[in-house]
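> What follows is a structure written as structure tokens; I'll ask about it next.
Bear in mind these aren't lab numbers, they're just calculated from the coordinates by the rules spelled out. The shown structure was predicted, so the numbers you read here are calculated from the model rather than taken from an experiment. Quick reminder, even Gly has a Cβ in these numbers, built from the backbone with ideal geometry, and neighbours come from all protein chains shown.
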Amino acid sequence: MPLKLPRIYPITDRKISGLSHLEQTRRLIAAGSTFIQLREKELSPREFYADAMAAAQLARQQGVRVMINDRVDLAIAVNADGVHLGQDDLPPSYARRLLGDEAIIGFSTHSVEQAIVALEMPVDYIAIGPVFATQTKEDPDETVGLEGIRQVRAEIGSFPLVAIGGIKCSDVANVFAAGADSAAVISDLLRDPELTTDRYRSMMALSSA
């Protein structure tokens with residue numbers, strides 16, 4: 001049975017929000033999120049482990065799924081629901097061996113060609129992006145735009161598709177119209193932590209309009 005993705009897929013970022021992953025998770029759960037990815041590019045594995053463990057424990061208590069970005073080892077360590085992998089991370093086939101059949105594995109692609117290849121991998125969803133210019137990566141790939149979403153959707157059929165990269169509240173309707181099942185959002189949710197809850201709810205409202 002295909003994975004049922006959330007319409008809005010929040011991804012935590014300590015640098016942008018200025019908050020721990022635990023506190024970001026707390027606020028996102030309060031807003032109604034049921035599926036959260038923890039993303040960390042600067043902390044040491046030990047530091048990230050402690051924060052991610054606390055966030056994952058809170059999520060489990062609330063029936064919320066938690067994904068770990070990049071790190072299969074940390075996903076195992078904190079008993080996360082799955083991992084999101086990039087092109088340069090551990091191949092999904094090896095991640096599947098380590099995590100088992102029940103784990104959720106997402107995989108980032110940056111072109112139609114990469115998305116087609118990903119269809120043959122043991123993954124549960126494909127992400128395409130960056131859709132728009134993003135500041136969350138130091139060396140971002142070339143943007144694919146809304147047309148990139150349309151092209152990937154045409155090639156992968158009904159396979160679960162996440163759009164990611166520079167997506168703002170004002171973009172949500174267009175992202176779904178282009179064919180995405182889910183919109184992953186970082187900066188527009190987190191840049192003003194006091195507004196995270198309201199922004200998430202606004203995006204969810206737009207996603208179901």
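> Work out the charge dipole of the chain with +1 on the Cβ of Lys and Arg and -1 on the Cβ of Asp and Glu about the Cα centre, then indicate which of SER44, LEU5, VAL175 is farthest towards its positive end.
With unit charges placed on the Cβ atoms, the residue in question is LEU5.
> May I pose another question? Tell me, PHE107, PHE132, PHE48 in order of fewest to most beta-carbon neighbours within 10 Å?
PHE132, PHE48, PHE107
> Based on the mean of other beta carbon atoms within 10 Å per residue, what is the order of 77-84, 57-64, 165-172, most packed first?
By packing density, highest mean first, the sequence is 77-84, 165-172, 57-64.
> Could you list, bin by bin from short to long, the percent of Cα-Cα pairs of segment 3-53 in 5 Å steps?
P(r) over segment 3-53, rounded to whole percents: 4, 21, 31, 22, 13, 7, 1.
> Evaluate the charge dipole of the chain about its Cα centre and quote only its size in Debye, nearest 20, assuming +1 on the Cβ of each Lys and Arg and -1 on the Cβ of each Asp and Glu.
Result for the chain is approximately 660 debye, rounded to the nearest 20.
> Something else about it: Could you list ASP181, ASP89, ASP101 in order of exposure, starting from the residue whose Cβ has the fewest other Cβ atoms within 10 Å?
ASP101, ASP89, ASP181
> Once whole DSSP H runs in the chain are found, which of them have Cα atoms spread over 18 Å or more along the helix axis and a mean Kyte-Doolittle score of at least -0.5?
Long hydrophobic helices here: 45-61.
> Kindly count the pairs of lysines across the chain whose alpha carbons are less than 17 Å apart, treating pairs on different chains or eight or more residues apart as eligible.
4
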